[in-house]
Amino acid sequence: ERESLVLVFAMAARKRGAKSPQTILQQQQQDTSSSLATPPLPSPSSEDPLIKPSKLPQILSVSAIFFSGFFYLLFYHYEIEPELKRSIVINFFLSVFGYFLTILLIPVATKYLLRRNLFGYDINKKGTPQGSIKVPESLGIVVGIVFLVLAILFQCCNFTSDSKWLVQYNAALASICFMTLLGFVDDVLDVPWRVKVLLPAIATLPLLMAYAGGTTIIIPKPLIHFVGLTKLDLGRIYYLYMGLLAVFCTNSINIHAGLNGLEAGQTAVIAFAVLIHNIMQIATSSDTEFQQSHAFSIYLVQPLLTTTLALLSFNWYPSSVFVGDTYTYFAGMALAVVGVLGHFSETLMIFFAPQILNFLASIPQLFGFIPCPRHRLPRLDPQTGLLTGTKDGTLVNIFLRCFGQCSEKSLCLRLLAFQALCCIICFILRYMLTGWYK
């Protein structure tokens with residue numbers, strides 16, 4: 001009877017598909033390996049929340065006021081050659097197209113960046129509900145790509161194949177593209193700051209190799225008596241100067257940061273000033289070569305400005321995206337390029353006065369004389385929502401120590417107002433020193 005019962009249970013187990021011990025062991029190994037495998041990333045869906053440009057109306061209002069004044073100078077106040085006007089207007093409409101294209105692409109890019117874990121937390125909101133929100137980072141990659149596409153399209157509309165500016169134009173785009181790539185690499189790999197200093201020098205090589213302008217500087221009139229020359233040819237030293245200028249512009253924007261809207265805001269203010277300076281220089285000179293160099297600057301600054309304003313619509317307080325080192329490197333290199341090829345590097349350095357002050361205040365920490373934390377940011381009081389300055393050597397903390405506690409938005413507005421004031425002082429100095437200095 002016992003043997004018959006065993007036989008019956010064995011036949012029932014076979015019918016139910018019972019597995020041998022070896023088969024069970026193989027199945028367990030397969031389950032373990034499949035559980036350790038990385039699951040595929042989900043694809044974007046319409047259910048993902050869209051990030052909206054909350055400050056779009058304010059940005060459009062400020063932009064309309066500025067460009068109204070710019071076109072007043074271009075069409076009415078100054079007499080400028082019709083051909084130059086035509087090129088500037090074509091470039092402007094391409095730049096406006098880039099503005100709206102950037103507005104459309106940023107929400108799309110944020111989905112992919114979040115899926116690749118390229119996000120950060122707003123340290124200036126630590127201890128508040130907003131401080132625990134994942135904010136997509138490295139959105140400067142969108143601005144850089146749109147800028148390069150616009151610049152290439154304008155090249156097709158404006159430059160002929162035998163244009164002497166074409167080589168320098170392509171070299172400028174190569175340097176900006178190279179710097180954008182290196183900035184994105186920095187965002188992904190978190191490169192040490194000592195290496196960051198060298199990145200702009202590498203990205204400047206295409207521009208330096210293609211530079212065909214002069215290497216002569218004009219000696220200021222008060223110094224001619226002591227130097228004995230009216231002009232001085234620097235030769236190879238001028239190339240070193242251009243490389244150092246690119247290194248400074250790129251890194252100075254990168255370290256003068258830490259507030260919502262500060263990186264994009266300071267770039268927009270400087271770009272506004274550069275546009276006004278260029279149009280004034282074109283109108284007050286009869287030298288065709290001189291006019292073309294400043295027009296060249298306008299062709300690059302207008303798309304930089306419009307794409308930056310689009311990014312600022314998302315990055316202004318409270319920021320829904322972070323610009324990342326991709327943007328700061330891209331913006332710094334773009335401004336350095338227009339300063340070099342537009343031959344107004346001295347004026348550009350006055351526009352960069354806040355960045356120079358921030359760099360000088362940062363030297364003790366950057367060079368290791370005193371401890372340098374990873375984030376040299378002010379402290380937030382979660383109860384009051386106000387920022388307090390620390391002992392770190394940054395312009396952000398210096399403003400808080402000098403003027404007292406304030407909110408992040410107010411602090412950013414103060415710093416941007418100081419940036420604009422420095423640009424206004426630059427125009428006043430140029431007007432007062434014309435004919436005496438040079």
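The values are calculated or read from the model by the stated rules, or taken from the named source; none is laboratory data. As the structure is a computational prediction, the values presented were derived from the model and not from experiment. No Cβ is skipped: glycine too gets one built from the backbone with ideal geometry, and neighbour counts run over all protein chains shown. We work out accessible area using only protein heavy atoms, side chains counted, and drop any ligands, DNA or RNA first. Shrake-Rupley method; radii C 1.70, N 1.55, O 1.52, S 1.80 Å.
For the reader, a short list of remarks on this structure follows.
- Residues located in the range 280-305, provided they are open to solvent by less than 10 Å² (accessible area, probe 1.4 Å) and farther than 13 Å from S87 by Cα: I282, S293, V301, P303, L304, L305
- For the range 200-240, a tally of residues being assigned to a helix (DSSP H, G or I), without any contact (Cβ under 8 Å) to a residue 60 or more places away in the chain and open to solvent by 60 Å² or more (accessible area, probe 1.4 Å) returns 11.
- Close pairs from the range 184-198: first in contact (Cβ under 8 Å) with a residue 40 or more places away in the chain and surrounded by 15 or more Cβ atoms within 10 Å (Cβ to Cβ), partner part of a loop (DSSP other than H, G, I, E, B) and small (G, A, S), Cβ under 6 Å, at least 6 apart: D187/S138
- Among residues of the range 393-438, those that are touching a residue at least 24 places away in the same chain (Cβ under 8 Å), within 30 Å of F367 (Cα to Cα) and open to solvent by 90 Å² or more (accessible area, probe 1.4 Å), counted: 1
- Residue among I298, I282 that alone is touching a His at 6+ places or on another chain (Cβ under 6 Å) and hydrophobic (A, V, I, L, M, F, W, C): I282
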